[in-house]
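Before any comments, here is the structure.
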Amino acid sequence: MVIIPAGPGLSLVQLQREDAGELFRVTDENRTHLRRWLPWLDRTRVPAATSSFIEFTLGAAAAGTGLHFAIQDGGRLVGVCGYNQIDRPNRSAQIGYWLAAEAQGRGVMTRSVTALVGHGFSQLDLHRQTIVCAEQNVASAAVAMRCGFQPEGLARDAEWLYDHFVSHRLFARLRDGT
């Protein structure tokens with residue numbers, strides 16, 4: 001199990017099977033808040049769906065194609081941050097994240113993404129890391145910018161979000177910090 005320190009009282013702890021109940025509870029309590037930007041909320045209506053997600057993440061970690069962490073703030077799970085896709089041959093990865101409403105506004109996600117990025121460059125030998133977010137998701141774009149990611153472009157109508165398309169902004173950071 002991988003654990004990445006992200007600051008005083010804050011850590012990224014690789015998701016494990018025993019996290020399913022707490023992860024489902026946090027997801028369910030933040031359903032309205034998260035649904036604005038995340039397309040999978042309607043498919044996560046029962047704890048078994050969260051268990052299936054964690055099984056998927058464990059398989060991805062074993063295959064080296066993904067790595068997902070619970071964000072632990074003061075010992076409480078408050079979100080998820082990780083690599084949705086790892087492309088080993090090209091030494092690149094795509095970061096995804098979400099945070100409970102009550103944990104926002106305190107730099108939790110910025111510190112979490114910063115720690116993850118450091119881990120990716122130092123431990124996974126990545127060269128390029130990306131963040132993709134909906135064009136109107138100002139908070140997610142601000143995290144990317146605070147973490148040193150550079151805007152690279154816009155993918156028009158890139159995702160079907162329940163009843164409409166959203167365009168995606170692409171941000172990237174290279175090993176050399178650019």
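Odds and ends about this structure:
- Qualifying residues in segment 2-15 (those that are within 13 Å of G82 (Cβ to Cβ) and part of a loop (DSSP other than H, G, I, E, B)) - the one nearest to the chain's Cα centre (by Cα): L15
- Filter result (in a strand (DSSP E or B) and surrounded by fewer than 17 Cβ atoms within 10 Å (Cβ to Cβ)) within segment 109-156: R128, Q150, P151, E152, G153, L154, A155, R156
- Only one entry in R43, R17, R36, R31 is surrounded by fewer than 15 Cβ atoms within 10 Å (Cβ to Cβ) and over 24 Å from L161 (Cα atoms), namely R17.
- Residue match in segment 75-94 (condition: touching a Lys or Arg at 6+ places or on another chain (Cβ under 6 Å), of a type in the set (A, V, I, L, M) and at pLDDT 95 or above): no
- The combined condition, being in contact with a helix residue (DSSP H, G or I) (Cβ under 9 Å, 6 or more places away or on another chain), of a type outside the set (S, T, Y) and crowded, with 16+ Cβ neighbours inside 10 Å, is fulfilled by A103.
- When F24 is tested against (1) more than 17 Å from Y97 (Cβ to Cβ); (2) at pLDDT below 95; (3) crowded, with 17+ Cβ neighbours inside 10 Å, exactly one condition is not met: (2).
- Each residue in segment 17-40 was checked for being over 20 Å from A134 (Cα atoms) and of a type in the set (V, I, T), and 1 pass.
The values are calculated or read from the model by the stated rules, or taken from the named source; none is laboratory data. Bear in mind that the values here come from a model prediction, so they are computed numbers and not experimental data. With ideal geometry, Cβ positions are generated from the backbone for all residues, glycine too; neighbour counts draw on all protein chains shown.
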